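To start, the structure itself, in structure tokens.
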Amino acid sequence: MPSYRIAAMGGDGIGPEVIAAGVEVLKVCAERDGGFTLEFTDFDWGSDYYRRHGVMMPADGADRLRAYDAILFGAVGAPDIPDHVTLWGLRLSICQPLDQYANVRPTRVLPGITSPLRNVSGPELDWVIVRENSEGEYSGVGGRAHKGLPIEVAQDVSIMTRAGVQRIMRYAFRLAQSRPRKLLTVVTKSNAQRHAMVMWDEIAAEVAAEFPDVTWDKMLVDAMTMRMVIRPQTLDTIVASNLHADILSDLAAALAGSLGIAPTANINPERDAPSMFEPIHGSAFDITGKGIANPVATFWTASMMLEHLGEPAAAARLMKAVERVTADPALHTPDLGGRATTRQVTDAVCEALRQAND
């Protein structure tokens, strides 16, 4: 029987709350399936760790994580610590060394949830956004000089490499190829960014020739925001740069009903290091400790993790349980307009898993 080692990292804000819920549900998944086991190790890295040690995680943190099959991550960010310190100190310091270059963000309207788009009842909005996760606008190249002086200069450099763009394009085309519609939209801004994004477009066209069964088009990122709102049914798989996809995926989650339901997977496709799975909603300190954080994003993320680990039956069973629960308005948390608590939603998903007939 396969056994998977999972690094569980709650991080900041509501992160520990939803990760605890996710671990609980995953344990029920393993018990219900009976064909695999899960072994969890908790890591206390994050802002509290920073306050004690002056760093978000140990210097060898990423190397320690290599011993695990997957990472379940909650959130990072705290009101009293600059965001660039928390983000680069933890999440990006895991993603980049472990080469989790494909950030995958599925979005669809789950049963019982209402999209703010008036003409969307569900099937019109079913997307997967693929975000280049290792370079681009978040490459970390840049700096500041003459700090505090009138001549101070600050620079962030967007770095795109042919190898980096090729591999994310191939990943996106393969993903599109695996979906029923075989449709891919490449997001760009090559009208204004005339070097890196022009190369992005050229490589997209080159890689497209390897996938003749995939229909693809190209969209400027500003026009893409309008298309997502006005013509959501024309989209399926989407690939975009680190910054563009980061922004578009938050819009996508809102159009699907709430940031509280949106999952993310930071994938190392070559599997020479563990991949990291996290809900998209962030640390949400305004509701931390109130017991009302929506755990659905973590459960959907956990389903993606099970799929990645090679347990598709358990992954599908978990998503069916989630959909059964979201279909009941009485089990909607406040972000969805309801009054349910994290505890109530978690208990309901666990019960739906135990009752699953497959």
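The values are calculated or read from the model by the stated rules, or taken from the named source; none is laboratory data. What you are looking at is a predicted structure, and each value in this text was computed from that prediction instead of being measured. Every residue, glycine as well, gets a Cβ built from its backbone with ideal geometry; the counts of neighbours run over all protein chains shown.
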Residue among 157, 141, 130 that alone is under 30 Å from residue 6 (Cβ atoms) and assigned to a strand (DSSP E or B): 130
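Can residue 120 be described as outside the structural domain of residue 6 (by TED's automatic domain parsing) and more than 19 Å from residue 171 (Cα to Cα)? Working first, answer last.
Values: outside the structural domain of residue 6 (by TED's automatic domain parsing): yes; more than 19 Å from residue 171 (Cα to Cα): yes.
So residue 120 passes the test.
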Can you find a residue that is more than 20 Å from residue 128 (Cα to Cα), of a type in the set (A, V, I, L, M, F, W, C) and crowded, with 23+ Cβ neighbours inside 10 Å anywhere in segment 286-300? yes
Going by the structure shown, is residue 244 surrounded by 21 or more Cβ atoms within 10 Å (Cβ to Cβ), at negative phi, within 19 Å of the chain's Cα centre (by Cα) and not assigned by TED's automatic domain parsing to the domain that holds residue 132? no
Neighbours by Cβ (under 9 Å, 6+ apart or cross-chain): first from segment 280-301, in the same structural domain as residue 47 (by TED's automatic domain parsing); second aromatic (Phe, Trp, Tyr): 298/277; 301/73; 301/277
Could you list, in sequence order, all residues of segment 302-313 that are within 20 Å of the chain's Cα centre (by Cα) and in contact (Cβ under 8 Å) with a residue 40 or more places away in the chain? 302, 303, 304, 305, 306, 308, 309, 310, 311
Among (1) buried (at least 24 other Cβ atoms within 10 Å of the Cβ); (2) of a type in the set (A, V, I, L, M); (3) touching a Pro at 6+ places or on another chain (Cβ under 8 Å), there is one condition residue 256 misses while meeting the rest; what is its number? (3)
With segment 248-358 as the region, which helices (runs of 4 or more DSSP H) entirely inside it contain at least 1 residues that are closer than 27 Å to residue 230 by Cα? 296-309, 312-326
Within segment 68-76, is even one residue more than 24 Å from residue 258 (Cα to Cα), in contact with a Pro (Cβ under 6 Å, 6 or more places away or on another chain), hydroxyl-bearing (Ser, Thr, Tyr) and part of a loop (DSSP other than H, G, I, E, B)? yes
Please find, within segment 122-160, the residue that is farthest from the chain's Cα centre (by Cα) out of those that are of a type in the set (Asp, Glu) and over 16 Å from residue 95 (Cα atoms). 152
Scan segment 112-139 for residues that are surrounded by fewer than 20 Cβ atoms within 10 Å (Cβ to Cβ), modelled with pLDDT of 95 or more and within 29 Å of residue 269 (Cβ to Cβ) and jot them down. 126
Answer with yes or no whether residue 75 is over 25 Å from residue 187 (Cβ atoms) and touching a residue at least 40 places away in the same chain (Cβ under 8 Å). yes
The lone exception for residue 87 - which of (1) closer than 26 Å to residue 134 by Cα; (2) outside any strand (DSSP E or B); (3) over 17 Å from the mean Cα position of the chain (by Cα) it fails: (3)
Residue under evaluation residue 58, criteria (1) over 23 Å from residue 262 (Cβ atoms); (2) of a type outside the set (A, V, I, L, M); (3) touching a residue at least 24 places away in the same chain (Cβ under 8 Å), criterion not met: (3)
Candidate set: segment 160-192, residues that are assigned to a loop (DSSP other than H, G, I, E, B) and polar (S, T, N, Q); chosen: the one surrounded by the most Cβ atoms within 10 Å (Cβ to Cβ): 190
